[in-house]
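Right, one structure below, let's go through it.
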Amino acid sequence: KPFGFYEIRAQIPCVAGVWPAIWMMGKTGDWPARGELDIMEWFGRYFAADPNQVQSGVHTSAGFGANSTYAKLRVADFCAGFHRFHLHWQTNKITFGVDGQVILTYNKPANATAANWPFDQPAHLLLNVAVGGNLGGDVNSSDIPKMKMLVDYVRVYQ
């Protein structure tokens, strides 16, 4: 079963030029039909303007890219240390959060189809730091040693 509670305690690299993410993607099919659950994304492109903003999101065939479902939350001193990122995946809703605060709740639509709820299948859990690109932004090569995500633990309860 894919359902459960996922908790990842990590310190993300708060550096212009990076795009760290903790996310899940369905094991089968093509994107976005397989579904994507962004537990945490942080965009280095916006580091100077708002370093304490974190985002969670859902991508499906019915809504992806600029049309995805997402929400942002400001977390005081986000760049100062470790945080607990969590996803509670239930049969009828998926809740994303950080440090006990809810960022986003995605409810299973009443007219659920594979296009708007591909979340009844197992998924891969991914933790990565992308460098550069549209959401990472410009890279300063002297910052490369700082571009790492520190992970204390990953816990999954089913």
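Structural remarks
- Residue in the stretch 6-24 that is out of contact with any Phe, Trp or Tyr (no Cβ under 7 Å at 6 or more places or on another chain) and at pLDDT below 95 present: no
- Of the residues making up the stretch 113-158, those that are more than 22 Å from THR60 (Cα to Cα) and of a type in the set (A, V, I, L, M, F, W, C) are VAL129, VAL131, VAL139, ILE144, MET147, MET149, LEU150, VAL151, VAL154, VAL156.
- Test: residue in the stretch 23-41 that is over 11 Å from the mean Cα position of the chain (by Cα), exposed (fewer than 15 other Cβ atoms within 10 Å of the Cβ) and without any contact (Cβ under 8 Å) to a residue 12 or more places away in the chain: yes
- Some residue of the stretch 138-147 being closer than 18 Å to MET25 by Cβ and modelled with pLDDT of 95 or more: no
- When PHE47, PHE96, PHE64, PHE78 are screened for being under 21 Å from PHE3 (Cα atoms), surrounded by 14 or more Cβ atoms within 10 Å (Cβ to Cβ) and either among the hydrophobic types (A, V, I, L, M, F, W, C) or touching a residue at least 24 places away in the same chain (Cβ under 8 Å) (or both), only PHE96 passes.
- Among (1) surrounded by fewer than 18 Cβ atoms within 10 Å (Cβ to Cβ); (2) of a type in the set (A, V, I, L, M, F, W, C); (3) in a strand (DSSP E or B) - the single one ALA110 does not satisfy: (3)
- Residues of the stretch 100-158 satisfying the condition of being touching a residue at least 60 places away in the same chain (Cβ under 8 Å) and at positive phi: GLY132, GLY133, GLY137
The values are calculated or read from the model by the stated rules, or taken from the named source; none is laboratory data. On a predicted model such as this, the values are computed, not experimentally measured, just so you know. Here the Cβ is made from the backbone with ideal geometry for all residues, glycine too, and neighbour counts use every protein chain on show.
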